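Just below is one structure, and these are the notes that go with it.
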Amino acid sequence: MNSLRTRVSALDERRRHRVLARAILRLLPEPESWLDVGTGDGRFPGTAKQLFPYTSFDGVDPTPRVVRARAAELIEEAYAGLLTDPHITTALRTRYDVVTLLRDRSPAPDPEAELHAALTVLRPGGLLLVEAGSDDLRTELESRACTIVTEPRRLPDRFPAPRRIIARRNVP
């Protein structure tokens, strides 16, 4: 029974990841580069690659799982650490067309600093996909020179109730 539950849970996760990737596909059909924050084993990039075969997916994660994701070729570049680390943020400044901050990851020690770092590595005109329960997120993104592209939306009932926001970083 536990094995069946694990398989169903993994299937639900892949479906949710496809829904999230499709939301970006509608707005930016062929991004050059994508950073998945808190990528872990690279399951999201592995699923998203099916829709974006020519996109370079990178991942950042504080655990050694990011290195395994690189070895499994689910991501091209692996950054071990937190996105808020100044060495990582400086090296990746304005490098990505898309950055994802998904809710199924371990919570960031400082979510506000993580959001700032995500916007730092995002190119002007790039898309930030965030799943969060905070209603203040929209206001915070707008105050950081972003335009909300899609409103928060619930996924189908069989999934937990994340709120998804896609924001475009304004061109200065």
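All of the numbers you see were taken from the coordinates with simple rules; none came from a lab. Because the structure is predicted, anything quoted here is derived from the model rather than measured. Neighbour counts run over all protein chains shown; Cβ positions are idealised from the backbone, glycine included.
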query: In nanometres, what is the gap between the two model label sites at T150 and L25, each 7 Å from Cα along Cα-to-Cβ?
result: 1.1 nm
task: Could you list which residues have their amide H under 5 Å from that of R103, counting only those 5 or more apart in sequence or on another chain, with H placed in the peptide plane?
output: E131
query: With labels modelled as points extended 7 Å from the Cα through the Cβ direction, what inter-label distance (nm, one decimal) is found for T63 paired with R93?
result: 3.2 nm
field: Peptides ranked, highest mean first, by Cβ atoms within 10 Å: ranges 95-103, 29-37, 16-24
entry: 95-103, 29-37, 16-24
task: Select from W34, T84, F52 the residue farthest towards the positive end of the dipole of segment 2-86; place +1 on Cβ of Lys and Arg, -1 on Cβ of Asp and Glu, and compute about the Cα centre.
output: F52
- request: Return a whole-number percent for the relative contact order of segment 1-82, with Cα pairs under 8 Å and 6 or more residues apart as the contact set.
  value: 25 percent
- prompt: In nm, to one decimal, how far is the modelled label at R15 from the one at E140, with both set 7 Å along Cα→Cβ?
  reply: 3.0 nm
query: Going by how many other beta carbons lie within 10 Å of each one, how would you line up F52, F44, fewest first?
result: F52, F44
